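The values are calculated or read from the model by the stated rules, or taken from the named source; none is laboratory data. The model shown is predicted, which means the values in this text are computed figures rather than measured ones. Methodologically, a virtual Cβ is constructed for each residue, glycine included, from the backbone with ideal geometry; neighbour enumeration extends over all protein chains shown.
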Amino acid sequence: NLGNRFQDIMKKVRGHGKLSESNIKEALREVRMSLLEADVNYKVVKEFVAKIQEKAIGAEVLTGINPGQQFIKIVNDELVELLGGTNSRLTKSAKNPTVVMLAGLQGAGKTTFAGKLAKYLKKQGEKPYLIGADIYRPAAMKQLEVLAQQVGVDVYFELGSNDAVGICERGLEKAKEAGATYLIIDTAGRLHIDEKLMEELKEVKKVVRPQEILLVVDAMIGQDAVNLAQSFNNALSIDGVVLTKFDGDTRGGAALSVKSVVGKPIKFVGTGEKIDDLELFHPERLASRILGMGDVVSLVEKAQEAIGEEDAKSLEEKIRTQKFDLDDFLKQLQNIKKLGSLGNILKMIPGMGQIGDLAPAEKEMKKVEAIIQSMTREERKKPEILKASRKLRIAKGSGTEVADINKLLKQFEQMREMMKMFSTGKFPQLPGMGGR
Ligand code: GDP
Ligand code: MG
């Protein structure tokens, strides 16, 4: 399963303290392997990996997030791009009804989708109308009739007919008479693409002149989805793709390839056998599902907004040269505050949402802020000059106790000690700044 593979990769990357060329390469190798294993088209994989590499190497490491999270964000953004950027909706024509023609192999889920789409459109206040034009499987028309009854919409079919084009012609007239706003045409499929099927679909297309031809594809077929979509697109010039059976242990390969190779957007995703198991396709949602990373992405985005790159650079420099002082400490606290409440920050990190009451920690942060703000510039640079009289003055100024100041100074000293080890490579990571 692609999602699991990605999560393993991300776990590894998360553990790294720095985005270096070698650990990026290692992670990219795994990304490439898992995409190929998930049946993503090899050309798509090659381009994808190249883009990530370009962005990840040389990316500035931001404070407030760790390099692994930043790598995830880069992968995520590229995934969203690959999946089609912003989501595309169903067309609505100026004149009723908007004709939606379905095409696809047998068993792909066309008839089921016809019912789901009718329900979806009805909920939007539209008046959908169904046509059953699968003349090869008599049960298909009955199946559509049952679905139509379930949704509460009209359906047209001719049991025993062998004239799909005629059914569509007459059905279109009926739909107009009924004042339908959408006409959904369920067609026949074959086990494989063949000339006869394509000819019939072309004839139907000529007669009903659909605004949307949607290719219904079983997401489980992976790589084959690309060839399939290409053939149907060459013959019919499709407008979009519906991926069915995206529930269960579906590999993401089909979704990842279709858009970039065929250039047609995925519009809907079928997520189960029931009539309500239909979702509009959201590239962002699928990307984060593939990466399995909670809201790390939005955390990174917030961090990027809150903390200027300049700040991040000078902080790194200070840690490296061991010039981190109380002023920098204050700045970091304020940066964290810009990200939102501590609780909200932790909620965005996978597995961290269940942490207990954070109010005391936030109160503590406010106290520390007040203390540092009551210090002079010199005191912030050289905390060692803080003797009893200065501490008393600061306590008064910040509404705290001398004990609070001592506590802060001790913590700060410990932090500096750790940073020293961190920057000299004697210590792998700062607690809370590295992996999970
Ligand atoms: P058609 O031959 O293209 O019309 O395919 P059908 O609509 O008859 O569907 C074939 C089978 O796939 C049926 O058993 C459906 O219940 C099932 N099916 C369709 N869509 C989905 C889906 O999104 N998820 C799952 N799990 N099953 C689906
Ligand atoms: Mg069918």
Counting only residues in the range 95-112 that are more than 13 Å from residue 188 (Cα to Cα) and in contact (Cβ under 8 Å) with a residue 12 or more places away in the chain, the one farthest from ligand 2 (Cβ to nearest atom) is identified as 96
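Of all the residues that make up the range 177-212, how many are small (Gly, Ala, Ser) and over 23 Å from residue 137 (Cα atoms)?
Looking only at that region, the number is 3.
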Would you point out which residue out of 411, 354 is closer than 23 Å to residue 317 by Cα and at pLDDT below 85? 411
Output the residues belonging to the range 178-205 that are surrounded by fewer than 21 Cβ atoms within 10 Å (Cβ to Cβ) and in contact (Cβ under 8 Å) with a residue 40 or more places away in the chain. 178, 179, 181, 190, 191, 192, 193
Candidates 102, 121 - the one that is closer than 24 Å to residue 177 by Cα and within 11 Å of ligand 1 (Cβ to nearest atom): 102
When the range 114-140 is examined, which residues are found to be near ligand 2 (Cβ under 9 Å from one of its atoms) and assigned to a helix (DSSP H, G or I)? 114, 139, 140
Tell me, yes or no, whether the range 157-177 has at least one residue that is without any contact (Cβ under 8 Å) to a residue 40 or more places away in the chain and either more than 22 Å from residue 131 (Cα to Cα) or in contact with a Phe, Trp or Tyr (Cβ under 8 Å, 6 or more places away or on another chain) (or both). yes
Name the residues in the range 144-176 that are within 16 Å of ligand 1 (Cβ to nearest atom) and in contact with a Gly (Cβ under 8 Å, 6 or more places away or on another chain), would you? 144, 145, 147, 148, 150, 151, 155, 157, 167
So is residue 132 in the same structural domain as residue 209 (by TED's automatic domain parsing) and within 18 Å of residue 189 (Cα to Cα) or not? yes
Of all residues in the range 260-274, count the ones that are surrounded by fewer than 16 Cβ atoms within 10 Å (Cβ to Cβ) and either touching a residue at least 60 places away in the same chain (Cβ under 8 Å) or acidic (Asp, Glu) (or both). 1
